[in-house]
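Written below as C-alpha cells is the structure these notes are about.
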Amino acid sequence: MDPVGATLTVTVGHDPDGTPVITLDGQLALATAASAERAFASLPAPSDGVTDVVVDMTGLTFMDSSGITVLLTAANRGHAVRLRHPSSIIRNLIAATGLNETLPIER
Amino acid sequence: MEPAPAAVPVERDEIPEIAAAHAARRWPHRLSIAVCVVGLIVTAGLCTASRLNYAQNERRQVSTQAQLVAAALAVAPVDVQRRLGRAATLVSATGNVSLFAGALKPSVPAPFVGARLFHVVDGTPQQVGSLGGQLLLDPSSAKSQQLLAKATATGALTVTRLATPKAQRLGYAMSVTTLGQTYVTYAESTLPADRRLELPATSPLSDMTFAVYFGKAQTRGALIETNTTDLPLDGIVEPIPFGDQVLTAVMTPSTPLLGRFAAYVAWIIAGAGVLLTAVMAALTERLQRRRAVAEQLAAVSGELYRTQRGVAETLQTALLPQHLPRPPGLAVATRYLAGTEGIEIGGDWYDLVNLADDRLFFTIGDVSGRGLSAATMMSRLRHSITAYAVEGDDPATVLTKVSRLIDIARDGHFATALCGILDTSSGRVTFANAGHPPLVLVAEDTVAPVRAPIGPPLGVGSRYETAELTLTSRAILLAYTDGLIERRGEPVDDGVTHLCHVTPSSADLEGLLDTVLTELAPQDESQDDTAILGLQWTP
C-alpha cells in the first residue's frame, strides 16, 4: 500500500556520544524509500568500526514493507539499527513481522 | 480445488478522446483549411480597406490638383481681355485709329495671330484697322456679325471657336465705348491643330492626363486640346469660365499622385497576408500531424499497458500451483487477488504438497515489493521450501535453511512466510512463522488468531521455532498474506482482529472465503496483492 504523494524528510545528525542519528519525518513508503536508503549509504561503513545507528521515528507517520527493506538492508550490512520513538502502529508492524530483535526499539 | 482466477479479459472502452481522434482523422486538414480561409478573408478585408483609403486620398489629391489647373487656365481670358480692352479703350478715347496697331503690336504673332478693329456706327461694325496675318473669321460672315453684336451688347469678352481641317483657333471680341464712340477689337489665337499638347515636365499638368473642351459637351468636335489619344477621359470634370463661354477640363492622374508605393500598399498587404496565411496553415498542419502522432502513441501505450497487465496477471497465475493435492480428510480452498493498480506482478504465494504418511505440507508467503524480481524470488522460495519439506525437514528447519538463500542487500527484497505440516489422520499441525501474519483458527463457533512465536522474515532470521496445535473435526485454518489485513493507519494486530470479526464461525470453506473477501475487499486502488489458503479438517 503506497500512499499517494508520500513525502519524507531525511536528516542525518549525531547524538552527543557521536552515534549517527537518521531522523525520518513523513511517510516511509515505496516512493520515498530511496532518500532514506541514501542516508544509510552516507554513513561510515560498519567495517570502519561504527556500527550503531539510531533511526529517529518521532515524526514518521507511516511505514510499509519498502521501509522495512531499507532498515533490514542496513542491518544486513552490519549496522546495529535502533529505533527511536516509533509510533504504536510501527511498533506493532515490527513485532508482527518478527523483527523485535533485528530492529530493537531504543530504551 | 479451483484454479486461481484467470486473467481478467481487457475491454477496450470507446472513450470520448478516441472518438474525437476518429473525427479528426476523417477531416485531417479541416483546421488548416479553416486557418487558410480565415487568413485569406482577413487579408482581403485589409487589402480592400487599404485600396478604398488609397482611392479616397488619391481622389482628394486629384481634386486639389484639378482646381489648381482650373485656376491657372482661368487666368488666360483675363489676359486676353486686358490686351484687347486696352487697345479698344485707347482708340475710342483718342479717336485715333492708328494707335490700335501700336497698342497690339507686342501681342502679335503671340498670343494673337492677328487682330482687327471695328468702329460701331449706328449699330453696324465697320472694319477700320487690322494687324498681323490671315484670320480665319470672315468679317462679312454671319458668325462674325453675331460675335461683334454680342460683344457690343455685353461689353464683355466674347469667345468663339474656329476650326478648319488644318487649323484650330479661338476668336475673341471685346467692345469698349468711350465718349459715345464704340470700338470693338477682335483677335485670334492658335490652338494645336492636332489638338495634342506636349507639356514640359515642370507643368502642373505634367503628371495629369487631361482634355479641355470648348463648352460643356465633352465631344470630339468640341475638343480644344489634350495630351492623350484615349478619349473620352474618365476623370474629374472642372468647368472654367472663359469670357462668355465655358471651357470644360477633364483630368485624371497619369501616375499615382501619392507616389507608386502608396498605390502598391494594398498589393503588399495582399502578398504578405497570403504568405502569412500559408505559413500559419503549414504550421497548423504540422501541429495537427504531431497531435495525431501523439494520439496514436497514447493509444499504443494504452494498448501496451493493457497487454503488460494481462501478461503480468497471466505470469502471476502461472507462478502459482496449477493443481493442488486433494487428500482425503481435508478440504482445500484458495483465493488470489491481484493488486488493482499497476502492471507489476506481486510476490504473494501459497503452496500445498503431499508428504508420506497422510501428512500435508502447506506454505503461505509474501515477498516484499513488486515486479519481476519479486516474482522470481517468490518462485525460488516456493520451490526451495517444497524441496526441503519433501526431504523431511520440519517447518522450523525449512525456514532456517531457506532464510540463508536470501541476501536483502543483493536482492532488494525480504520475504515473510508461514509453513506447516498437517497430519490428516490426527488433525495435528506443526508450523513455523518467519515474520508472517498469524494463522486464524475457526473452531467450535469461535474465530481467533493462533498465538505462536513469530521469527524474523526470511533473509534476516537464522533460527525458527516450531509451534503445534491440534484441530477439532471440521475446524478451519486460514493462512493469508498481509493484503487481507492491511488497513491504512491501523496497527497490524487490529487488522487481524478485524479479520477474525468478519470471518463467519459456521460456514462451508468456500463460502467462508467468499465472505471474508467480500468483507475485506480492497478499499483503494493501490491495494496490495492478497492470497488466502483455507484448510478444513474433515476426518
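The values are calculated or read from the model by the stated rules, or taken from the named source; none is laboratory data. In this text the structure is predicted, and so the values were computed from the model without any measurement. Neighbour counts run over all protein chains shown; Cβ positions are idealised from the backbone, glycine included. For the accessible areas, the whole protein counts, side chains as well, though only heavy atoms, and no ligand, DNA or RNA atoms are used. Shrake-Rupley method; radii C 1.70, N 1.55, O 1.52, S 1.80 Å.
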Check: Restricting to region A:49-58, what's the tally of residues that are open to solvent by 40 Å² or more (accessible area, probe 1.4 Å) and either within 14 Å of another protein chain (Cβ to nearest Cβ) or closer than 15 Å to A:GLY13 by Cβ (or both)?
Finding: 3
Next item on the list: Report, by residue number, each residue of region B:343-367 that is under 60 Å from the mean Cα position of the chain (by Cα), of a type outside the set (A, V, I, L, M) and open to solvent by less than 10 Å² (accessible area, probe 1.4 Å).
Entry: B:GLY346, B:GLY347, B:ASP348, B:TRP349, B:TYR350, B:GLY365
Next item on the list: Check off (1) more than 17 Å from B:ASP494 (Cα to Cα); (2) modelled with pLDDT under 90 for A:ASP64 and give me the number that stays unchecked.
Entry: (1)
Check: Cβ-Cβ below 8 Å, separation at least six or inter-chain, first residue in region A:35-47 and within 15 Å of A:LEU8 (Cβ to Cβ), second open to solvent by less than 80 Å² (accessible area, probe 1.4 Å) and in a helix (DSSP H, G or I): which pairs?
Finding: A:ALA36/A:GLY67; A:ALA36/A:VAL70; A:GLU37/A:VAL70; A:GLU37/A:THR73; A:PHE40/A:VAL70; A:PHE40/A:THR73; A:PHE40/A:ALA74
Check: Between a first residue in region B:322-336 that is not assigned by TED's automatic domain parsing to the domain that holds B:VAL353 and β-branched (Val, Ile, Thr) and a second residue that is modelled with pLDDT under 90 and open to solvent by 20 Å² or more (accessible area, probe 1.4 Å), which pairs have beta carbons less than 8 Å apart while being 6 or more apart in sequence or on different chains?
Finding: none
Item checked: Failed condition for A:THR61, given (1) touching a residue at least 24 places away in the same chain (Cβ under 8 Å); (2) open to solvent by 30 Å² or more (accessible area, probe 1.4 Å); (3) away from chain B (no Cβ under 11 Å); (4) more than 11 Å from the chain's Cα centre (by Cα) -> (3)
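If a residue must be surrounded by fewer than 16 Cβ atoms within 10 Å (Cβ to Cβ) and either hydrophobic (A, V, I, L, M, F, W, C) or not in a helix (DSSP H, G or I) (or both), how many such residues does region B:47-65 contain? Step through it out loud before you land on a result.
Of region B:47-65, the ones surrounded by fewer than 16 Cβ atoms within 10 Å (Cβ to Cβ) are B:48-49, B:52-53, B:55-57, B:59-61, B:63-64.
So of that shortlist, the ones also either hydrophobic (A, V, I, L, M, F, W, C) or not in a helix (DSSP H, G or I) (or both) come out as B:49, B:52, B:55.
Counting residues in region B:47-65 that are surrounded by fewer than 16 Cβ atoms within 10 Å (Cβ to Cβ) and either hydrophobic (A, V, I, L, M, F, W, C) or not in a helix (DSSP H, G or I) (or both) gives 3.
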Next item on the list: From B:GLY534, B:GLY489, B:GLY511, grab the single residue that is free of Cβ contacts under 8 Å to residues at least 12 places away in the same chain and either more than 14 Å from chain A (Cβ to nearest Cβ) or touching a helix residue (DSSP H, G or I) at 6+ places or on another chain (Cβ under 6 Å) (or both).
Entry: B:GLY511
Note to self: Take the conditions in the same structural domain as B:ASP407 (by TED's automatic domain parsing) and touching a Lys or Arg at 6+ places or on another chain (Cβ under 7 Å) and apply them to B:GLY346. Does it pass?
What the structure shows: yes
Check: Can you tell me which residues in region B:281-326 are open to solvent by less than 50 Å² (accessible area, probe 1.4 Å) and aromatic (Phe, Trp, Tyr)?
Finding: none
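Residue-by-condition table, conditions (1) farther than 30 Å from B:VAL184 by Cβ; (2) modelled with pLDDT of 80 or more; (3) assigned by TED's automatic domain parsing to the domain that holds B:LEU304:
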| residue | (1), (2), (3) |
| --- | --- |
| B:ASP13 | yes, no, no |
| B:LEU40 | yes, yes, yes |
| B:SER63 | yes, yes, yes |
| B:ALA70 | no, no, yes |
| B:ALA88 | no, yes, yes |
Next item on the list: Can you work out which of the residues in region B:468-486 that are away from every other protein chain (no Cβ under 11 Å) and open to solvent by 20 Å² or more (accessible area, probe 1.4 Å) is farthest from B:TRP537 (Cα to Cα)?
Entry: B:GLU468
Check: Restricting attention to region A:66-88, and to residues there that are small (Gly, Ala, Ser) and facing chain B (nearest Cβ under 7 Å), which single residue is farthest from A:ASN100 (Cα to Cα)?
Finding: A:SER66
Next item on the list: Could you tell me whether region B:440-451 includes any residue that is open to solvent by 10 Å² or more (accessible area, probe 1.4 Å) and in contact with a Gly (Cβ under 8 Å, 6 or more places away or on another chain)?
Entry: no
Margin query: Just to be sure I understand, how many residues within region B:75-96 are among the hydrophobic types (A, V, I, L, M, F, W, C), touching a helix residue (DSSP H, G or I) at 6+ places or on another chain (Cβ under 7 Å) and touching a residue at least 24 places away in the same chain (Cβ under 8 Å)?
Written below: 2
Item checked: Output for region B:66-99, where each listed residue is more than 21 Å from B:THR160 (Cβ to Cβ) and open to solvent by less than 40 Å² (accessible area, probe 1.4 Å) -> B:ALA66, B:VAL69, B:ALA70, B:VAL91, B:SER92
Check: Among the residues of region B:452-467, how many are surrounded by fewer than 24 Cβ atoms within 10 Å (Cβ to Cβ) and not in a strand (DSSP E or B)?
Finding: 7
Next item on the list: Could you please let me know if B:PHE414 is aromatic (Phe, Trp, Tyr), within 14 Å of chain A (Cβ to nearest Cβ) and under 18 Å from B:ALA531 (Cα atoms)?
Entry: yes
Note to self: Could you check region B:250-297 and list, in sequence order, the residues that are out of contact with any helix residue (DSSP H, G or I) (no Cβ under 6 Å at 6 or more places or on another chain) and in a strand (DSSP E or B)?
What the structure shows: B:VAL250, B:THR252
Margin query: Could you go through region A:78-96 and let me know if any residue there is of a type in the set (Gly, Ala, Ser) and under 12 Å from the mean Cα position of the chain (by Cα).
Written below: yes
Next item on the list: Look through A:ASN100, A:ASN76 and report the one residue that is at pLDDT below 90 and open to solvent by 60 Å² or more (accessible area, probe 1.4 Å).
Entry: A:ASN76
Next item on the list: Taking A:ALA39 as meeting all but one of (1) at pLDDT 90 or above; (2) open to solvent by 40 Å² or more (accessible area, probe 1.4 Å); (3) more than 13 Å from chain B (Cβ to nearest Cβ), write down the number of the exception.
Entry: (2)
Checklist line | Search result, residues across region B:328-342 that are open to solvent by less than 20 Å² (accessible area, probe 1.4 Å) and touching a Lys or Arg at 6+ places or on another chain (Cβ under 9 Å) | finding: B:VAL332, B:GLY339
